[in-house]
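The values are calculated or read from the model by the stated rules, or taken from the named source; none is laboratory data. Treat the numbers as computed from the prediction; the structure is a model and nothing was measured. Positions of Cβ are backbone-derived with ideal geometry, glycine not excepted, and every protein chain shown enters the neighbour counts.
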Amino acid sequence: MDKAMKKTPEKKMTKPNRPANAQRIRRILILSYLVITLVAVAASSIPVLLLSSNALKNKVTSLLYTYTSQLVQNSDTYLSGYESQVLLLFADSSALQYDPDDTSLSQKTRNATENRLKNTLQRIRVMKNYGDLFLVSPANHLIGSPSLYTQTKYGTMLYSTFHDALVESGGESVWLPVLGKDNSRIYYVRELNPQLLLITSVYAMDFTNVFVTPVDFSDICVRLISQDHTVIYIKFYI
C-alpha cells in the first residue's frame with residue numbers, strides 16, 4: 001500500500017535552448033544596420049559637400065580673377081597715362097627732326113630748338129611724378145631732366161644702354177621694368193628719330209596708389225613681377 005501511495009517525482013520545466021550563434025547574428029544585424037545607415041548618410045552628404053566646396057572655390061576663383069584683372073587694368077592705365085603724356089613731344093615737329101650732334105647747325109638754331117624741347121619736357125613733367133624725363137643723342141648730349149641716379153648709373157653708356165634695349169624689343173618704344181637688375185624704377189624708351197631717344201622713368205613704389213586692395217582681400221600679397229621673374233613691387237596687406 002505504501003508503494004502504491006508513493007508519488008512519482010515531478011519533471012523540471014526547462015527553457016528551450018537558443019541556437020549557439022544567435023548572439024553573433026544579432027550583433028551582425030546591428031552592425032549591418034549601422035553600416036547601411038552611415039553609407040546612406042555619406043552618399044547623400046558627400047555630393048552636397050562637394051557641390052558646396054566647388055561653389056566656394058569657384059566663387060573665390062572668380063573674385064581673384066576679377067580682382068587680378070582689375071589690377072592689371074589699373075597698372076596698364078597708369079603706365080599708359082605716362083606714355084600718352086610724353087607723346088606730347090610729337091606735337092613739336094622739331095623733336096622729330098632735331099639732331100643734337102649735327103655740327104652744321106648754328107648755335108642760335110640749336111639753342112632755340114633745345115629751349116622749345118626743354119619747355120615741352122617741363123610742361124609734361126609737372127603733370128606726372130617722373131623720375132627721369134629727357135632726350136639723349138648717340139653722343140650722350142642731354143636735353144631735359146635726367147636724374148642724378150640715372151646719369152651716375154649709366155654715365156657714358158646712357159644712350160647705348162637704352163638704345164640696345166629698344167632694339168632688342170623690336171618695337172619703336174619699350175617699357176623696361178628691370179634694367180640691369182634695377183627694380184627701383186621703370187623706364188620708358190622711345191625713338192623720336194635715329195639720332196634722338198626719349199627716356200623717362202617712374203618709381204616702382206608709385207604702384208602703391210595703383211594696387212589698392214579691397215576689404216575682401218585684406219590678407220592678400222600683391223607682387224609686380226617682370227618676365228625674368230624679378231620682383232619689381234611687393235606689398236603685404238594685413
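Summary table below
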item: In segment 163-185, the residues that are more than 24 Å from the chain's Cα centre (by Cα) and without any contact (Cβ under 8 Å) to a residue 24 or more places away in the chain; result: 164, 167, 168, 170, 171, 172
item: Qualifying residue in segment 184-192 (condition: more than 16 Å from residue 82 (Cα to Cα), modelled with pLDDT under 85 and touching a helix residue (DSSP H, G or I) at 6+ places or on another chain (Cβ under 9 Å)); result: yes
item: Residue list for segment 129-150, restricted to those being of a type outside the set (A, V, I, L, M), within 31 Å of the chain's Cα centre (by Cα) and either surrounded by 15 or more Cβ atoms within 10 Å (Cβ to Cβ) or more than 26 Å from residue 80 (Cβ to Cβ) (or both); result: 130, 131, 132, 134, 146, 147, 150
